Ligand code: FES
């Protein structure tokens, strides 16, 4: 394994068409060495051009140590990450990546696991299924895409379904005669001690959170791969950095992170969407306007930390521990 500081160098071994607008990238050590282990639900951050870092869930079995596979959907509204992966990355390229980390871990000992995926949200879910299968656990999948052409990893899922009939339920909700996935109805039929997971687009996650709000919180797991709220970019406030000793006016149209990067400061970030936690920063004074998908209500109310990639300020001055 080749390492650069805390990062890995990964060879693009293979790029595979998985569905319309979806590719998988098979990434290996250039030296053929083992890669750091990961668990189901883990992601890696790929360091792309111009300080662009994007998080991608690992798709392949967590038992594999010789490769990481990520699934990428071409998002026309993306800020360049998926377009870069589709248009610039070729077999034989070397990419820089962070080691795996996991904000969406699988509870392996659950009596039953219900997995719900929408679109490219299938990526961590398919990894979880492979783990549950290897453990011989009870599970079921509900996977929604607009049409079957958009259904990634379909042949693998169909093969799994053939082995264990009734576990994989596809919903192609824009095909003639199709119905939408009814999450309220689905949730009502899930046993109290089962664990339920959802990864998909924002409307699906919002419906999932609503449908599962009566369940014990520890049995409910969801992962946002896009921002749940619009970033705070109204600007008009000042950020003071106590360790750096500098002060920055946040102009309208800019986030705090944009402004600090423009000022040449070396700040950590990855998703730029409030979903990964890389940019979490301690707040010393002032009241953040939270727009992330990570902090709980009580964490937000405490005002002790904020995600500077997407959150703004409700006060004219914020003092941050940077
Ligand atoms: S960079 Fe991911 S939460 Fe801010």
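FYI, it's all coordinate maths here, none of it is from the lab. Remember, it's a predicted structure, so these values are computed and weren't measured experimentally. Cβ placement follows ideal geometry from the backbone for every residue including glycine, while neighbour counts extend to all protein chains displayed.
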Completion exercise
Label model pair residue 299, residue 134: point-to-point distance (7 angstrom along the Cα→beta-carbon line) in nm is 2.9
Fill in the blank from the handout: Note to self: Kirkwood Rh of region 256-322, Cα pairs, one decimal, Å, is 11.8
Practice task
Beta carbons within 10 angstrom, averaged per residue: use that to sort the peptides 296-307, 107-118, highest first.
Solution key: 107-118, 296-307
Completion exercise
Check: C-alpha center region 143-195 vs C-alpha center region 244-322, spacing in Å is 38
Handout entry: In nm, spacing of pseudo-spin labels at residue 251 and residue 156 (7 Å Cα→C-beta vector)
Key = 4.5
Practice task
Starting from the coordinates of the alpha-carbon atoms of region 200-322, obtain the Kirkwood hydrodynamic radius over all distinct pairs and give the value in Å to one decimal.
Solution key: 15.1
Practice task
Report the antiparallel proportion of the DSSP beta bridges in the chain as a percent, rounded to a multiple of 5.
Solution key: 60
Problem - Hull volume in cubic angstrom per residue (convex hull over the Cα atoms of region 1-142) - result: 110
Exercise for the section: Calculate the tail of P(r) for region 172-236: the fraction of all Cα-Cα distances greater than 16 Å, expressed in %. Expected result: 55
Problem - Förster radius 30 Å - calculated FRET efficiency between residue 316 and residue 213 (Cβ-Cβ, nearest 0.05) - result: 0.25
Completion exercise
Cα pairs beyond 16 Å in region 73-168, in percent, come to 65
Handout entry: Value of [θ]222 nm, deg cm²/dmol, for the chain, DSSP H segments ≥ 4, -39500 (n - 2.57) each, nearest 500
Key = -5000 deg cm²/dmol
Practice task
Compare 137, 243, 146 in a GNM of the chain, Cα atoms joined below 10 Å, and give the one with the largest fluctuation.
Solution key: 243
Exercise for the section: Run through all the Cα pairs of region 113-224 and give the fraction in each 10 Å bin from 0, expressed as whole percent. Expected result: 14, 49, 33, 4
Handout entry: For peptides 191-201, 13-23, sequence by mean Cβ density within 10 Å, most packed first
Key = 191-201, 13-23
Exercise for the section: Run a plain Debye calculation on the chain (Cα atoms as equal point scatterers, no solvent) and give log10 I(q)/I(0) at q = 0.10, 0.12, 0.14 Å⁻¹, rounded to two decimals, same order as the q list. Expected result: -0.62, -0.88, -1.16
Handout entry: DSSP beta bridge pairing in region 237-320, given as percent antiparallel to the nearest 5
Key = 75
